[in-house]
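First, the structure itself, so that you have it in front of you.
Coordinate-derived values only; no laboratory data. Small disclaimer: the values here were computed from a predicted structure and weren't measured. FYI the Cβ positions are ideal-geometry reconstructions off the backbone, even for glycines, and counts take in every protein chain you see.
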Amino acid sequence: MEKRLVAKINLKTLEVDYDQNFRFRCVEECGRCCESLEIPLRDEDIEKIEELGYNAWEFVDYEKLFYRRDKFLGYGIKKNPVTEACVFLDPGTKKCKIYSHRPLACRLYPFIFVRSEGYLEVYVKEDDFCPGINHPDGLPVDRKFLLSNYGDVVREYRKKTVKETE
Ligand code: SF4
């Protein structure tokens with residue numbers, strides 16, 4: 001998988017430098033990411049899904065472990081043994097059964113946020129299966145796009161940055 005830098009958010013001023021040649025639009029109900037990806041679950045993701053009445057054993061695959069370098073990030077989400085897609089993808093409608101409570105990695109896809117010295121770098125995973133990448137009706141990944149879709153995530157990173165510089 002190739003990843004490409006498409007935007008850089010200044011965490012102090014919230015100014016955004018972005019790649020004007022890149023556009024994105026999620027093609028609703030395509031669901032290819034739900035079929036193709038392995039999704040890591042943070043503790044917060046598990047708690048949020050449990051609020052809907054599921055038990056962790058129903059959707060956490062404790063044999064799938066995710067690490068970033070030597071840091072344990074979390075366990076993976078289970079796959080449907082028949083379709084091999086995410087256990088929460090309804091095979092008939094291709095809709096996510098827990099959409100409003102979906103894990104952060106699903107919300108962010110196909111983007112990856114990486115913090116780097118006062119900035120939040122936004123990379124895109126250039127997966128061939130995602131038709132939203134460089135979609136002709138796509139939107140640029142500019143300040144408006146980032147803050148309207150991921151404003152809460154940016155605020156979290158900002159808080160961490162302020163704490164560290166205090
Ligand atoms: S594969 Fe891309 S276009 Fe399809 S649902 Fe996932 S993010 Fe949207």
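For the stretch 1-154, rounded, prolate or oblate, judged on the Cα gyration tensor with a ≥ b ≥ c (square roots of eigenvalues), a/c < 1.5 rounded, else prolate if a/b > b/c? Kindly include the intermediate steps, with their values, before the conclusion.
Numbers: a/c = 1.91, a/b = 1.43, b/c = 1.34.
Prolate, because a/c is 1.5 or more and a/b exceeds b/c.
Related question: Each label point is 7 Å from the Cα along the Cα-to-Cβ direction; what then is the distance between the points at residue 3 and residue 158, in nm?
Placing both labels 7 Å along Cα→Cβ, they lie 2.3 nm apart.
Where a Cα-Cα gap under 20 Å defines reach, which lysines qualify for residue 94, not counting those fewer than 8 residues away within the same chain?
Straight-distance partners of residue 94: 78, 79.
If you don't mind, there's one more thing I want to ask. Under the 0.36 nm per residue contour assumption, what length would be gained going from the current alpha-carbon distance of residue 137 and residue 26 to full extension? If you can, show how the numbers build up before the last one.
Working: separation 111, 0.36 × 111 = 39.96 nm, distance 0.99 nm.
Contour length minus Cα-Cα distance gives 39.0 nm.
Nearest 10 degrees is fine. How inclined is helix 143-165 to the longest principal axis of the chain, computing both from alpha carbons?
Its long axis makes an angle of about 80 degrees.
Right, here's the next one. Starting from 0.36 nm per residue, how many nanometres of slack lie between residue 19 and residue 116 once their C-alpha separation is accounted for? List each step's numbers first, then the result.
On the way: separation 97, 0.36 × 97 = 34.92 nm, distance 1.79 nm.
Result for the pair: 33.1 nm of gain on full extension.
While we're looking at this one, here's another question. I want to check the label-to-label distance for residue 44 and residue 71. Put each point 7 Å from Cα in the C-beta direction and report it in nm to one decimal.
Spacing of the two 7 Å Cα→Cβ label points: 1.4 nm.
Multiply the residue separation of residue 10 and residue 93 by 0.36 nm, subtract the distance between their alpha-carbon atoms, and state the gained length in nm to one decimal.
On the way: separation 83, 0.36 × 83 = 29.88 nm, distance 3.96 nm.
Net length gain for the segment: 25.9 nm.
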